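The values are calculated or read from the model by the stated rules, or taken from the named source; none is laboratory data. Quick caveat, the model's predicted, so the values are computed rather than measured. With ideal geometry, Cβ positions are generated from the backbone for all residues, glycine too; neighbour counts draw on all protein chains shown. Just the protein is used for accessible areas: all its heavy atoms, side chains included, with ligands, DNA and RNA removed. Shrake-Rupley method; radii C 1.70, N 1.55, O 1.52, S 1.80 Å.
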Amino acid sequence: MSLNTLSPSNEGKDDLSNDNYNKWQNLTHNSIAIPTMSEIQEKSANVVATLIGKINEVKNFVKEKFDNLSNEMLTELTDSALVHIAKKTIASAKKENRTEAESAGIRVAVSSVVVQGAMEEAGMEKSTGSNPILELNQGDTKSDLRDSIITLHEEGVMLPNGEEVAELAARVIETNEKEHGPKVNLSEVIRALNGRELEQTSETIVRPKAEIICDHSHIENQRIDIINKIDRGAMEFRFKLTAPTEAVKALCEKQPIGEDGRPQEVTTPSGATLKRGAIIFEKTSSDTSYKLCDAFVFEKDGITVSIADPSSRDESTKGISHIYNDSNLIRTAMGLVKVEAPSNMEPEAIEQALNEILEKDLGIPGALDEVPDEAEKEYKIARYKWQHGITGELTPEQIEQAEKLEREEVFPGYTTLVEKGKHQEYLAEYGQDVRAIHSLTTGSAKSIYRILTQGLMCTTERYSRGVMRNGMSSITDFDTGGADSVFTRIDNATIRQERTGTIVVFKPEIFDRTDWYSYDGDNYGSTSGEVYSGRLSSEESFSVIAKAPNKYPRNEQMFRTGIGASFVESIEVEPNQLEGFITELKAMGLEEVNGKPIEEIVVARKKPQGEHVPNLSIPHDEPTAEQIALEQELAEKQATIQAIISGEKSYTSFNEIAELAVVADDVENAFKSMVQSIINQGKKEQLTSDLKEYLKQTMKPEELQEAASGQAPDAETAALFSFIHDTIGIDYGALYDEVSSQTIPSPDAPPMSEPPLTDDWL
Amino acid sequence: MRSFESIVTQAGNSDDNKDIPQDNPEIVGNRTEKLSKPVYFIESSNDGTVLVGIDVTIRRAEDDTTVSWYDTTRERVMTATETSQEEDRFVFKRAEEEGGGTYSFTPMDLETYNNKVKQRLLAGPDFTNEEDMIKGFLSTIDDA
C-alpha cells in the first residue's frame, strides 16, 4: 500500500481556506489541471479499496491467531486491532508539528477504523461489540477521527455499495450522542461553567451547576455534579460512591494510635496528609454556613478532598435520628465526596488532578472516561429493574424496554434515564386525571414564581447551590435520606378538590422518569434498610391509589434532585387567593409560562360539590348509583338555597340554613344571601333567636370569647362572624357571659398516654 | 377556634351539643379544620421525625380522619383513629397500619423552642421574642 496514494499533494486541502484556494487558483489555473469527476471517483475508489485492503490484512492476521471464530466475533476482534493500531500510531506521533509521514500514517490508521465502522453501520459487517468509530471518538483520538471523516467526505469516498463513508460515520456518532448525550471532557464542562453567572430569581441567588456522566460501577447515578461557587472562588465537584472502595476504607478507618498515645497521621496513596474536617453547606454570597457531617479531609495540589463520615456530626452520633433510619447514619452523607478546586486553576489541570485523585486516592480508575456501550447497557438494565421492582432476570421484552431508556435533562444540570411514554400506560390503567402533586401549604406568590421559573429542588440541591434561609429547617430528612429528593404525592382530580392551600400539579410525563421511589404512607422518604426494601414499584404506586380513590392520600414519591419547571402543568390555589396571586406574579414580570398565559397555569381549585366525596371506582367512566343519588341530593339542596334567596321558600330553622350553606360552592355568599332574604321576609327576630341558641349549643365558651374579641382562624370565618354581628345583631360577648354563668360539665379528654419526653428519642 | 364551616356542619344533628368531642363517629361528611395556632411543637411516642407543625389541618371524612402539616421541609400526612383537643393542645392516635403511636401538638413557644427544638434544626437561631420565632418558622413555607 502506498502512503502517497492518500497523502495530500501540495495543492491539497490540509490548510486550504477559501481565500487560499482562490489565491492558489489564480496562481496555478494555467499550470495545474482541475480533476474531473471521473478522476475524483477513481481516486475515491482507490482510497476505499486501499483501506479495505488494510482492514482485510488485519482480519486475516486475527483469523490466523484465533481458531473457530464466528464472523461477528472475528469482526469485533478486527475492530479492536484496528483501534489499537490507530491509537498507537497517534500516541507515537508528535502532538504538534507532525511530520508528513506521521500525519500520513495516522490518516491511514484512523481512516481504516472509519471505513470499518461505516461498513458495520451499512450492515456489510456484523460485530458483537460496539462500533469502532466510537472508540476513537473520545480523548486524544477524537480530533484525528474528526479530521479523517472530513477528509473522507471531501474526497467523496464511498463504500462498494455506494454509501458515503463519511455520512455513515457521522451517523454512528450522532446516534450515539443522541442515546448517551454528547461526550464532553470535564475540562470543557468546567470552562463552560466558568462562563456562567450566579442565577438570580426574585430573592433567590443560585450557583450555576452542570454534571458530567461517568463511571457507574463506583459512582452513584453515574454522574459528578459540578457547582461553580463563584462567590467563593472555587469549583466544587460532588458525587457519591455506591460503596466504599478499598482505598476509601483504608483512608477512613480510625486513625491508629501511636506509641505516644496520639493519633498517627494517615497519608493518602498520593502522599497527602489526612485530617479531620467537615462537609459544610455555604450560603451564596454570605458567611452563613451549615454543617452536614464530619469528614476525612486531605489537600493535594491546591485541591481539597472531603470524604463524608456519615456516622458523625460534631464528633458524635448523638442527634442522628434513628426513626426510619436503622443505620444510625446521616444517610444523605453516605458515600458523599466533595472536591473543591480554586476557580483560577486551569480546567485541564483540574481534570488531571481529579483523575489522579479518583484513581489513586479513591480507587476509581478511569472514572472520567467515556462510558462504554456495554457498561451503559448494564446500567440501563439495572435502573429498569430498580424502577419496576424486578428482582430476577429480565425477559427479552423487558431488556428491549430497558435498552430504550433515554437520558434526558429533567432539571437544569441534572439528567436521568427516562422511559418515554410510560406515563400513558399508567393513565390508561389508573385514570387520566392521576397526577403527582406537591403541596406548598399556604404558598405565596414568591414561591409560585420560584417554582414556575426554577422548578423544585430537593434540600441537598438547594443547600449545595447556596440557597439557604435561616437554618430553621429540621435536619431529620438528612438523616433519613429524604433530603436528596423532592417529595410528591399521587392524587386524582377528586382528591385534589379536597386539598387546601396551594398545590403544584405536575404533568404526567414526570412518571416517565426512572429515578423515583415511592411508599404507600408517610415514611419521610427514608432510604434506610427495611423501610426502603418495602418501597413500592412504579406500578404499585398507582394501584394503591386505585384501591382507595377517595381516600386522602398518604402515599409519597421521591424524585431525585429536582423537578424542572417544564414539568409544571398547573398550580392550584384557593379561589379567594387567585386574583391576588395573578396580580403579584404579573407585577414580578411573569405574564406567561411556556407560551401559556399565567391565568392558564395558576388556577383556582375546584371545590367539592357536596359533603360526601363520590366513591369513584376505576375506570371513571360510568357513574355509580351512589354517585347519582349524591348528585341528586346536592342538586336539591342547591335548588332549596335559591328558593330561600328568592323568597319562594319560607324560613323554617337555622339548622336548615346551616345545612344548606355548607354545600354551596361559595359558603359565605350563600349564607349571607339566605340570611338577607330571611330578614327581608320579616323573620329577623325568629332568626336571631334561633341563631343565639344555635351558637350557644355549638360553640365552646372560649370560641365565643374569641369571636367577641374579633379573632378567627381564617378570613371566611372572620367575614361571617362579622356579618352575623353587624346584620343579625348577635353579641358574642353576651352569649359568652350567658354560657359561662351556667354550669356545664366539660368533656373528659379521651384517655391517652402522655407522650414520652423528647430525650427518650436520643 | 374552629372555622365557621366546622361549627355549622354540626347543624345536621339537632341533638348535638358542644360537649361531644370532635371525633364523634355520628358526625358525618367531610369537614376540614385547621388548628388555630400557626406553629406547633410535636411530640410522639414512637416517631422521632416529628418536631414542628405549621398549618396543621384535620380532615374528617366518612371513613377516616387525616392530620396534615408542613414540617419546615415537607408536608406530612397521617391517618388518625382518635383525636382529642383540649384548649390549645391537640392529640391524635395514628392508625396502626401506619405504625401507630400518639402525636401531641402544643403551640410553639420560646421555652419549648430553646429546650427541645433548636438543637434539632440545621442552625436554629436565637430569638428574643416569640413573634420573631414564629415568623422564622413560617418563612420556611417559602421553601416548600
*So for A:SER143, A:SER528, what's the accessible-area order with a 1.4 Å probe, most first?*
A:SER143, A:SER528
*asked:* Relative contact order for the range A:48-172: what percent, with Cα pairs under 8 Å and sequence separation of 6 or more?
replied: 28
_Additional length obtainable on full extension of the chain from A:GLU102 to A:GLU592, 0.36 nm per residue less Cα span_ = 170.5 nm
*Given a 1.4 Å probe and the protein chains all in place, what does the accessible area of B:ARG89 round to, in Å² to the nearest 10?*
80
*Distance in nm between label sites at B:LYS135 and A:ARG232, each 7 Å beyond Cα in the beta-carbon direction?*
2.9
_How many angstrom lie between the Cα centre of the range B:47-106 and the Cα centre of the range A:405-433?_
33
*With θ set to phi - 60° and the Karplus curve 6.51 cos²θ - 1.76 cosθ + 1.60, what are the ³J(HN,Hα) couplings of the range A:693-702 in order, to the nearest whole Hz, using x for Gly and Pro?*
4, 4, 5, 5, 7, 9, 9, 6, x, 5
*Taking A:LYS596 as the anchor, which aspartates and glutamates have their alpha carbon closer than 15 Å to its alpha carbon, excluding any fewer than eight residues away along the same chain?*
A:GLU569
_Just want to confirm a number: the relative contact order over the range A:371-530, from Cα pairs under 8 angstrom separated by 6+ residues, in percent._
32
*Taking the Cα centre of the range A:523-607 as origin and charging only Cβ (+1 Lys, Arg; -1 Asp, Glu), how large is the dipole, in debye to the nearest 20?*
380
*Once fully extended, how much extra length lies between A:GLU579 and A:ILE728, figured as 0.36 nm per residue of separation less the alpha-carbon to alpha-carbon distance?*
50.6 nm
*Expressed as a whole number of Å, what is the distance separating the alpha-carbon centroids of the range A:327-402 and the range A:94-117?*
33
*Compute the Cα gyration tensor for the range A:442-540, then decide on rounded, prolate or oblate, letting a ≥ b ≥ c be the square roots of its eigenvalues: rounded whenever a/c is under 1.5, prolate when a/b is larger than b/c in the other cases, and oblate in all that remain.*
oblate
*Label the range A:326-455 by shape, choosing from rounded, prolate and oblate, from the square roots a ≥ b ≥ c of the eigenvalues of the Cα gyration tensor; if a/c is under 1.5 it is rounded, and otherwise prolate applies when a/b is larger than b/c, oblate when it is not.*
oblate
_Relative contact order computed over the range A:629-703 (Cα-Cα under 8 Å; 6+ residues apart), in percent_ = 32
*Karplus (6.51, -1.76, 1.60) ³J(HN,Hα), θ = phi - 60°, over the range A:80-96, in Hz, Gly and Pro reported as x*: 4, 5, 5, 5, 4, 4, 4, 5, 5, 5, 5, 5, 7, 8, 6, 6, 10
*asked:* Cross-link candidates for A:LYS65: which lysines have Cα within less than 27 Å, leaving aside residues fewer than 8 places away along the same chain?
replied: A:LYS54, A:LYS87, A:LYS88, A:LYS126
*Once the Cβ-Cβ distance between A:LYS291 and A:GLU738 is put in as r, and R0 is 51 Å, what FRET efficiency do you end up with, to the nearest 0.05?*
0.30
_Gained length - A:MET73 relative to A:ASN194, 0.36 nm times residue gap less alpha-carbon distance_ = 39.1 nm
*Picking from A:ALA169, A:ALA86, A:ASN56, whose Cα lies most toward the positive end of the charge dipole for the range A:55-174 (charges on Cβ: Lys, Arg +1; Asp, Glu -1)?*
A:ALA86
*A:ASP301 to B:GLU111: FRET efficiency via 1/(1 + (r/R0)^6), r the Cβ-Cβ distance, R0 45 Å, to the nearest 0.05?*
0.30
*Which entries in the list A:LYS338/A:LYS360; A:LYS291/B:LYS116; A:LYS275/A:LYS338; A:LYS380/A:LYS420; A:LYS95/A:LYS360; A:LYS700/B:LYS37 go over 22 Å, if you measure between the two C-alpha atoms of each?*
A:LYS95/A:LYS360
_Just to check I understand the Karplus step: with θ = phi - 60° and J = 6.51 cos²θ - 1.76 cosθ + 1.60, what whole-Hz values come out for the range A:351-360, glycine and proline as x?_
4, 5, 5, 5, 4, 5, 4, 4, 6, 7
*How high is the FRET efficiency from A:PHE61 to A:ARG146, r the C-beta distance, R0 35 Å, rounded to 0.05?*
0.80
